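Structure first, commentary second.
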Amino acid sequence: MNKVFITALMALSALGVNAATPKDSVNPNKPVFKVVKENAITSIKNQNRSGTCWDYSTLSFFEAEILRASGKTYDLCESFVANKTYMDRAVHVVRLHGDAQFAQGGSCYDPLYVIKNYGICPEDAMPFPGSLYGDSLNNYGEFFSVMTPYVESVAKSTAKQLSTQWKVGLQGILDAYLGQCPEKFTYQGKSYTPQTFAASLGLNWDDYTTFTSYTHHPFWTKFAVEVQDNWRYPQSWNVPIEYLSQIIDNAIMNGYTVAWGGDVSEDGFTRDGLAYMYDTKKMESMEGSDMARWLKLSAAKKKSIVDSLGVNVPEVTPTQKQRQERFDNWQLTDDHGMLIYGIAKDQNGKEYYMVKNSWGETGEYKGTWYMTKNFIVANTMDFMVNKNAVPKDLRKKLGI
């Protein structure tokens, strides 16, 4: 590049810092975002065809924690966590004689458990995802087609006593598709084990806690959220609904990020990088428009109408009762993990959380989703945060 071009590029970059997204000349209702607070994160990753959002989002969370605490950037290895987690989950399923689910999913507690018990390694200490079977990214189709019946056959065995060889065979499958977890490796000229590498990252692994909000357990106590991928049964603090956004806001405004797990199956979660908690009843009853025929419209037509409404789309304000009802009737599900790292406002003053996804640099905002606070509060299953990011009065109340 020549110097003139570089200078011009730097000037344009400087003008873009903290600027709002440009207005859309075709649709004046398209969101124009202004950043309120944005915390540092590592690069956008791509889980591709694997059910490992829990792995990518939580390691992104810990990478952001390291970045916040030390200013150092790390790329932690998702394959290491997956290898250890799937073996542990298989052992769990076999112990229960198959009366538990063996699946790709997990919770934000799984990477924390792995780091505390097995350590961690950098991304380049293991084969690049997909490379062992000729793919450029993760593709768990064949992998789980091989592994799942293997685990289920052991778990449902009619033998009076199992040998230990089933673990040897399973480890072979894990290593064939994910790579062997290293016992030792070199990083930036220093020799490590996974345990010493985890210790070198400068975090206190006991500083992390999770929160949820439901009425089928007492508030201000801890319980294991009853979803299948929460198979290690970690305990989450149960707080009234209004505390969910208070904790997230306090964390973001004080420089912390949040590992979020929840439901993105709602219509309001788009592939374009936006998420609204649509009030479909209001949309159905809008007079003088196509909204009166909302339920009869095609998905494409609904999307067109919603896109035209943009920031003016009517939203539901979530309530405690609504959250509980949606959880109990299977509407509120646990299907995705992401990283909340900032807060922004649209041109109407509505606040959104800036959320890092693990689907590559996709969507309108290149891997970031702008999700309204209503959407996050309504669809949170649970989230992990550094306990030091929790408001002081709440920490005192909970004794953390």
Criterion first (in contact (Cβ under 8 Å) with a residue 40 or more places away in the chain and not acidic (Asp, Glu)) does residue 357 satisfy it?
yes
Meets criteria (over 24 Å from residue 206 (Cβ atoms), of a type in the set (Val, Ile, Thr) and out of contact with any Ser or Thr (no Cβ under 7 Å at 6 or more places or on another chain)) for residue 85
no
Just a yes or no: is a residue in segment 93-106 assigned to a helix (DSSP H, G or I), modelled with pLDDT of 95 or more and open to solvent by less than 10 Å² (accessible area, probe 1.4 Å)?
yes
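Tell me, please, whether a residue that is at positive phi and open to solvent by less than 50 Å² (accessible area, probe 1.4 Å) can be found in segment 226-235. Quick ask: steps written out before the conclusion?
Keep residues of segment 226-235 that are at positive phi, which gives 233.
Checking the rest, the ones that are also open to solvent by less than 50 Å² (accessible area, probe 1.4 Å) come to none.
No.
Among the residues of segment 280-320, which ones are acidic (Asp, Glu) and modelled with pLDDT under 90? Let's see the steps before the verdict.
Start the filter on segment 280-320 by keeping residues that are acidic (Asp, Glu), which leaves 284, 287, 290, 307, 315.
Residues satisfying the conditions are 284, 287, 290, 307.
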Residues (modelled with pLDDT under 95 and touching a Leu at 6+ places or on another chain (Cβ under 7 Å)) located in segment 27-79:
29
Could you say whether any residue in segment 158-179 is open to solvent by 70 Å² or more (accessible area, probe 1.4 Å) and within 30 Å of residue 237 (Cβ to Cβ)?
no
In segment 121-142, anything touching a residue at least 40 places away in the same chain (Cβ under 8 Å), within 20 Å of residue 170 (Cβ to Cβ) and out of contact with any strand residue (DSSP E or B) (no Cβ under 8 Å at 6 or more places or on another chain) is listed as 126, 127, 129, 132
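How many residues, within segment 245-269, are assigned to a loop (DSSP other than H, G, I, E, B) and surrounded by 18 or more Cβ atoms within 10 Å (Cβ to Cβ)? Walk me through how you get there before you give the answer.
First, pick out the residues of segment 245-269 that are assigned to a loop (DSSP other than H, G, I, E, B): 254-257, 263-268.
Those left that are additionally surrounded by 18 or more Cβ atoms within 10 Å (Cβ to Cβ): 256-257, 263-264, 266, 268.
Going through segment 245-269 one residue at a time, the tally reaches 6.
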Sort out which residues of segment 347-378 are open to solvent by less than 10 Å² (accessible area, probe 1.4 Å) and farther than 22 Å from residue 59 by Cβ, and write them in order of number.
352, 372, 375, 378
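Pick out the one residue from 179, 189 that is within 21 Å of residue 119 (Cα to Cα), small (Gly, Ala, Ser) and touching a residue at least 24 places away in the same chain (Cβ under 8 Å). So that I can check it myself, show each step before the final result.
Numbers: 189 fails: touching a residue at least 24 places away in the same chain (Cβ under 8 Å).
Of 179, 189, the one residue that is within 21 Å of residue 119 (Cα to Cα), small (Gly, Ala, Ser) and touching a residue at least 24 places away in the same chain (Cβ under 8 Å) is 179.
The values are calculated or read from the model by the stated rules, or taken from the named source; none is laboratory data. These figures come from a predicted structure and were not determined experimentally. Using ideal geometry, Cβ is built from the backbone for each residue, glycine included, and neighbour counts are taken over all protein chains shown. Heads up: the accessible areas ignore ligands, DNA and RNA and are worked out on the full protein's heavy atoms, side chains in. Shrake-Rupley method; radii C 1.70, N 1.55, O 1.52, S 1.80 Å.
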